[in-house]
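Peer 1: Have a look at this one before I ask anything.
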Amino acid sequence: MSETKTERKVSFGFEEVTESEKVARVKGVFRSVASRYDLMNDLMSAGVHRLWKHDAMNKLNPQPGERHLDVAGGTGELARAFLELADKAGKRRGIAYKATAIVCDINDAMLEAGKARADNAKWDGRLDWVCADGQSLPYPDRTFDAVTVSFGIRNFADRVAGLEEFRRVLKPGGRLGILEFSHMTAPALQAAYDTYSYNVIPLLGSLVAGDKESYQYLVESIRQFPDQETFRSEMENAGFARVSVINFSGGIAALHFGWAV
Ligand code: SAM
């Protein structure tokens, strides 16, 4: 007799949906916003997301010759930053060999928006673009020195499967940096933050990207993501050691950083 498997339910913003529905709807969100994605990030955060990413990549400390994988990498901002910082470190230490980076994303529209950027030529074959699911990466065990995910893991249907996959493809001693929206550590600012995010962000989405719903999803999905300590435990349970947390802008975003063991 054939058995019907019931799919696990997960959150899509404030809705409960099946895992496969979440995957399909997340793809729809980023397909819809891809062409305005970078502009919207700058507008929503007044450019501050660049400072968070800059600090996150400095903490990751890219080195010449390393292999970097940016999962849910979208338009490739972190991968470019990795190569730039690794080259600077190489120059300082007189090392000629170069780092390489892969931007991996489930959504080809986001990758295409990143590939269209003019500055790609300077990376001369060191920057690759791969369309794949971060929960099931097309790489052998122990391939990378560093894996990053910025503002991506919140969208995964199965976050734990993702974390285990990152550990699998990292070399022992490799670094994982996850930058994600998090929970405010300054309660006095919570009301102002809520007013801004529930009202201004969907409005900006409607005016600039012509898509209010996707930005409503963004705001709701941030509330569904676990707090700093819970996510730290998830990383530890997935096999990461010495997991540290750095809060940015009073916890609006946080970097979780750990070492693969
Ligand atoms: N990392 C980029 C940044 O910080 O600008 C893009 C972040 S964007 C908010 C989230 C990205 O996660 C989207 O490009 C989306 O397609 C990607 N994504 C969502 N689920 C994914 C999955 N399971 N595997 C790979 N990418 C995924």
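Bear in mind that the values in this text are calculations on the coordinates, not laboratory data. The shown structure was predicted, so the numbers you read here are calculated from the model rather than taken from an experiment. Note that each Cβ is placed from the backbone with ideal geometry, even for glycine, and that neighbours are counted across all protein chains shown.
Peer 1: Output wanted: per-residue J couplings in Hz (rounded whole) for region 138-151, from phi through Karplus 6.51 cos²θ - 1.76 cosθ + 1.60, θ = phi - 60°, x for Gly and Pro.
Peer 2: Whole-Hz 3J(HN,Hα) from phi for region 138-151: x, 9, x, 4, 6, 8, 10, 8, 8, 10, 10, 9, 10, 6.
Peer 1: Test of understanding: what is the full-extension gain from LYS98 to THR6, defined as 0.36 nm times their sequence separation minus their Cα-Cα distance?
Peer 2: Additional length available on full extension: 28.4 nm.
Peer 1: Under a point spin-label approximation (7 Å from Cα along Cα-to-Cβ), what is the LYS122-THR230 distance to one decimal in nm?
Peer 2: 4.1
Peer 1: Could you work out [θ]222 nm for the chain from helices alone, using -39500 (n - 2.57) per DSSP H run of at least four and dividing by all its residues? Round to the nearest 500 deg cm²/dmol.
Peer 2: After summing the helix terms and dividing by the residues of the chain, the value is -12000 deg cm²/dmol.
Peer 1: While we're looking at this one, here's another question. What is the distance, in nm, between label points placed 7 Å from the Cα along the Cα-to-Cβ direction at PHE14 and at ALA192?
Peer 2: 2.4
Peer 1: Further question: How much of the DSSP beta bridge set in region 10-260 is antiparallel, as a percent to the nearest 5?
Peer 2: Here the antiparallel bridges make up roughly 45 percent for region 10-260.
Peer 1: Using the number of other C-beta atoms within 10 angstrom as an exposure proxy, rank ARG25, ARG142 with the fewest first.
Peer 2: If I rank by nearby Cβ atoms, fewest first, I get ARG142, ARG25.
Peer 1: At a Förster distance of 30 Å, what's the computed FRET efficiency of VAL48 paired with GLU164, Cβ-Cβ distance as r, to 0.05?
Peer 2: About 0.45, to the nearest 0.05.
Peer 1: A further question follows. Tell me which residues come under 5 Å, amide H to amide H, from GLY174 once H is placed; ignore anything under 5 positions away on its chain.
Peer 2: Under 5 Å from the amide H of GLY174: ALA260.
Peer 1: Still on this structure, I have one more. Relative contact order for region 10-260: what percent, with Cα pairs under 8 Å and sequence separation of 6 or more?
Peer 2: Once divided by the residue count of region 10-260, the mean separation gives 21 percent.
Peer 1: Taking square-rooted eigenvalues a ≥ b ≥ c of the alpha carbon gyration tensor, is the chain rounded, prolate or oblate, where a/c under 1.5 means rounded and, failing that, a/b exceeding b/c means prolate?
Peer 2: Rounded.
Peer 1: If I model a spin label as a point 7 Å beyond the Cα along the Cα-Cβ vector, how far apart are those points for ARG223 and ASN199 in nm?
Peer 2: Going from the ARG223 label point to the ASN199 one covers 1.6 nm.
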